[in-house]
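Presented below is the structure to which this report refers.
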Amino acid sequence: MATKKKRIDPSKIHADYVIDMRENAKWFAEVQYSSTLSGPKGHKQVEMSSIPTFNIRGHLSFTQSKKVKVGNPVDVRIYVDEEGRVQEFIGIIDKYKEVLQVVMWLPWEIVNHMHMTFISGKAEMVTVFGTELYRRSASVWGIDTKAEYDIQDYID
């Protein structure tokens, strides 16, 4: 009699992705502005839109994920949600070649607080909370910025 293997849902397997901001990491903010014409002919209106982003680049210093290695480059892009549309969904992680690309949508108040923490020079680490990679993708449900970083906090 053949036994059936129990399938594990990777979307339920928790994984942290930690970036040490003290070593070869950088952060920067960008703003993209655009305008479009809309409305009927002769009554065109200009619609302006902006997309502020907060970007973090570094290397993975710790993870529980079995699909990525410590030392892999990480590229985090946080889009600012100024209209309060973000409810439960925060973001996604994609692995492209060896780079972990994290994309998140966060409310302005949170991104502003993170930006001020980085400006103060106190941010030593960033942790992205999410799920294990499945077919090179994962979900993100949180982010943490700390002023003190000790790798022993993460090792059981």
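Numbers at a glance
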read-out: Residue tally, condition part of a strand (DSSP E or B) and under 21 Å from W105 (Cβ atoms), over the range 135-148; value: 9
read-out: From G130, G84, G58, G121, residue being touching a strand residue (DSSP E or B) at 6+ places or on another chain (Cβ under 8 Å), of a type outside the set (A, V, I, L, M, F, W, C) and either at pLDDT below 85 or surrounded by fewer than 21 Cβ atoms within 10 Å (Cβ to Cβ) (or both); value: G84
read-out: Scope the range 87-108; condition within 17 Å of V140 (Cα to Cα), at pLDDT 85 or above, open to solvent by 40 Å² or more (accessible area, probe 1.4 Å) and charged (D, E, K, R); matching residues; value: D94
read-out: Odd one out for A147, checked against (1) under 10 Å from the mean Cα position of the chain (by Cα); (2) modelled with pLDDT under 85; value: (1)
read-out: Residues being surrounded by 14 or more Cβ atoms within 10 Å (Cβ to Cβ) and either more than 15 Å from W27 (Cβ to Cβ) or free of Cβ contacts under 8 Å to residues at least 60 places away in the same chain (or both) - total across the range 109-118; value: 4
read-out: Checklist (1) among the charged types (D, E, K, R); (2) under 17 Å from the mean Cα position of the chain (by Cα); (3) over 20 Å from F28 (Cα atoms); (4) at pLDDT 85 or above applied to D75, failing item; value: (3)
read-out: Lone qualifier among V18, V31 - being at pLDDT below 85 and aliphatic (A, V, I, L, M); value: V31
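The values are calculated or read from the model by the stated rules, or taken from the named source; none is laboratory data. Here the structure is a predicted model, which is why all the values come from computation and not from measurement. Neighbour counts are summed over all protein chains in view; Cβ atoms, including those assigned to glycine, are modelled from backbone coordinates with ideal geometry. Accessible surface areas use protein heavy atoms only, side chains included; no ligands, DNA or RNA. Shrake-Rupley method; radii C 1.70, N 1.55, O 1.52, S 1.80 Å.
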